[in-house]
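S.K.: Structure below; questions to follow.
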Amino acid sequence: MSEVTLPGATRQLAAHAADADMPLPAAPSAGAPSPGPLMLLPAAEGGVELVAKFFRALGDPARLRLLEYLLDGEHTVTECTDRVGLSQGRVSAHLACLAGCGYVQVRRSGRFAYYQVADPRVADLVVLARSLAADNAAALSDCVRIDPR
């Protein structure tokens, strides 16, 4: 893969893209016209929709709280229910969504199901999202286009 010179946060995204084996365009040679904006989203048919679906799975506050709770290790549905303060049925439905989308995995032992984060990069995603939300709190609070639920 050719090395690409990228500013700040985009360099971090490029590192994640490299980890995910996603090709990035090579930097233009001196005097060559710029190839256009850096494309980090998949170019394949339906790729952007898949990434949007990935983020929609995180669009519920209860699922975010569950993910954050599961970052420190395995927990049962009962423990998750106690933590987020929702009914067992609602927590199970949220965990099923997170499991179905690949964010968490389940291990069954007897009559208990133990959930844990499936990929350690989820922690990076949650921390980055929290940081970005904090940095943009005023704009997010004023945003009328996204339903706050």
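The values are calculated or read from the model by the stated rules, or taken from the named source; none is laboratory data. These figures come from a predicted structure and were not determined experimentally. Cβ atoms come from the backbone with ideal geometry, glycine included; neighbour counts cover every protein chain shown.
S.K.: Name the helices (runs of 4 or more DSSP H) wholly inside segment 63-149 in which the number of residues that are among the basic types (Lys, Arg) is 3 or more. Lay out the reasoning, then the answer.
M.R.: Numbers: elements: 77-84, 88-100, 121-135, 137-142.
Of the helices (runs of 4 or more DSSP H) lying wholly inside segment 63-149, none has at least 3 residues that are among the basic types (Lys, Arg).
S.K.: Could you go through segment 107-114 and let me know if any residue there is polar (S, T, N, Q) and surrounded by 12 or more Cβ atoms within 10 Å (Cβ to Cβ). Don't jump to the end; show me each part of the working.
M.R.: As a first pass, look at segment 107-114 and keep what is polar (S, T, N, Q): 109.
So of that shortlist, the ones also surrounded by 12 or more Cβ atoms within 10 Å (Cβ to Cβ) come out as none.
No, there is no match, as no residue in segment 107-114 is polar (S, T, N, Q) and surrounded by 12 or more Cβ atoms within 10 Å (Cβ to Cβ).
S.K.: Restricting to segment 57-76, what's the tally of residues that are surrounded by 14 or more Cβ atoms within 10 Å (Cβ to Cβ) and in contact (Cβ under 8 Å) with a residue 60 or more places away in the chain?
M.R.: 3
S.K.: Of the numbered conditions (1) small (Gly, Ala, Ser); (2) at pLDDT below 95; (3) surrounded by 13 or more Cβ atoms within 10 Å (Cβ to Cβ); (4) over 10 Å from the mean Cα position of the chain (by Cα), Ala129 satisfies every one except a single condition; which is it?
M.R.: Result: Ala129 passes all but (4).
S.K.: Sort through Glu68, Glu79 and tell me the only one that's at pLDDT 95 or above, at negative phi and among the charged types (D, E, K, R). Outline the logic, then answer.
M.R.: Working: Glu68 fails: at pLDDT 95 or above.
Just one listed residue meets the conditions, Glu79.
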